[in-house]
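Asker: Quick one: the structure is below, questions incoming.
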């Protein structure tokens, strides 16, 4: 299996201060670019933790071979 890299970032903001969430771009060594969809989770701290845990579990279900 190839060595993998999980690109990850997180920051909390007051929900009423957000205007939009944009994509992030990664540049690969061969010059190609790849887009990373940014996700927005709103709610109480407990709500955010639950949704985040579910999202991470679902993400890895997309890659059953790993």
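We did not get these values from a lab; they are worked out from the coordinates using the rules stated. These figures come from a predicted structure and were not determined experimentally.
Asker: Hey, what number do you get for the chain at 222 nm if only DSSP H runs of n ≥ 4 count, each worth -39500 (n - 2.57), divided across all residues, to the nearest 500?
Answerer: -8500 deg cm²/dmol
Asker: For residue 1 and residue 42 in the same chain, what is the full-extension length gain: residue separation times 0.36 nm, less their Cα-Cα distance, in nm?
Answerer: Taking residue 1 through residue 42 to full extension adds about 11.2 nm, to one decimal.
Asker: Give the Rg/Rh ratio for the chain, taking Rg as the radius of gyration of the Cα atoms and Rh as the Kirkwood radius, to two decimals.
Answerer: Checking Rg against Rh, the ratio lands at 1.02.
Asker: Taking 8 Å as the Cα distance limit and 6 or more residues as the minimum spacing, I'd like the relative contact order of the chain as a percentage.
Answerer: It rounds to 21 percent for the chain.
Asker: Give the angle, between 0 and 90 degrees and rounded to the nearest 10, that separates the Cα long axis of helix 45-61 from the longest principal axis of the Cα atoms of the chain.
Answerer: That helix lies at roughly 20 degrees to the long axis.
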